[in-house]
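Readers should treat all values here as calculations from the given coordinates under stated rules, not as data from a laboratory. The model shown is predicted, which means the values in this text are computed figures rather than measured ones. Quick reminder, even Gly has a Cβ in these numbers, built from the backbone with ideal geometry, and neighbours come from all protein chains shown.
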Amino acid sequence: MSDRKNGQEPLHALERWRTSQLDDAKVTMVQLNAEAADRLSTLTRIQSEIEALQSLVREQAQSAALLNADALLRMTEFSGYQQEQLNGAQDQHRQAAERADDAQRSVLHLFQQLSLVERLLERRQEVADTEQQRQSQKQLDEGALSRAPHIESN
């Protein structure tokens, strides 16, 4: 039986479409995961810079040297600037992680849809194969009956 007779051609088209959607979603997910990793790296770098500045300020405060008020003021201003950068980086990382999670859920959903179509195709193919076997057996049986010698009764 042809695919068109057993209704599988539209399912094959749907399978190709779902596969294409899944492939596109996987690419998007990888890109979004990379973006989230970059945002995390930026966040980690800013946190390290803040910790380094705080460590420097503590060292300066603990040293016996006289503190320069202007330098201390600049360090405090820079610390505030870094805190703003940290807050922005945290927001960007959170948003990137949410987009990556959404993409992962989308990939899972598309995979489930594709699996459903594939199972339906398999079932329809099994039904078509069974029907073809029945038709072949029927033709063999009919052929055997037509060639069988006829018994005449007296």
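For segment 132-152, state whether one or more residues are in a helix (DSSP H, G or I), in contact (Cβ under 8 Å) with a residue 60 or more places away in the chain, farther than 27 Å from ASN33 by Cβ and in contact with a helix residue (DSSP H, G or I) (Cβ under 6 Å, 6 or more places away or on another chain). No; the residues of segment 132-152 include none that is in a helix (DSSP H, G or I), in contact (Cβ under 8 Å) with a residue 60 or more places away in the chain, farther than 27 Å from ASN33 by Cβ and in contact with a helix residue (DSSP H, G or I) (Cβ under 6 Å, 6 or more places away or on another chain).
For (1) closer than 30 Å to GLU9 by Cα; (2) among the aliphatic types (A, V, I, L, M), each residue gets a yes or a no:
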site	(1), (2)
LEU56	no, yes
LEU72	no, yes
ALA89	no, yes
GLN95	no, no
GLU98	no, no
ASP101	no, no
VAL107	yes, yes
ARG123	yes, no
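If only residues of segment 20-72 that are free of Cβ contacts under 8 Å to residues at least 60 places away in the same chain and among the basic types (Lys, Arg) are counted, the one that is surrounded by the fewest Cβ atoms within 10 Å (Cβ to Cβ) is ARG58. Checked against the criterion of being of a type outside the set (Val, Ile, Thr), more than 30 Å from GLN54 (Cα to Cα), in contact with a helix residue (DSSP H, G or I) (Cβ under 8 Å, 6 or more places away or on another chain) and touching a residue at least 24 places away in the same chain (Cβ under 8 Å), the candidates PHE111, PHE78 yield just one match: PHE111.
Of everything in segment 37-91 that's hydroxyl-bearing (Ser, Thr, Tyr) and over 43 Å from the mean Cα position of the chain (by Cα), which residue is nearest to ASP101 (Cα to Cα)?
First, pick out the residues of segment 37-91 that are hydroxyl-bearing (Ser, Thr, Tyr): 41-42, 44, 48, 55, 63, 76, 79, 81.
Right, trim to over 43 Å from the mean Cα position of the chain (by Cα) and you get 63, 76.
Values: SER63: 48, THR76: 37 Å.
Among those residues, the one meeting the criterion is THR76.
When the residues of segment 81-99 are filtered to those that are small (Gly, Ala, Ser) and free of Cβ contacts under 8 Å to residues at least 60 places away in the same chain, the one that is surrounded by the most Cβ atoms within 10 Å (Cβ to Cβ) is ALA89.
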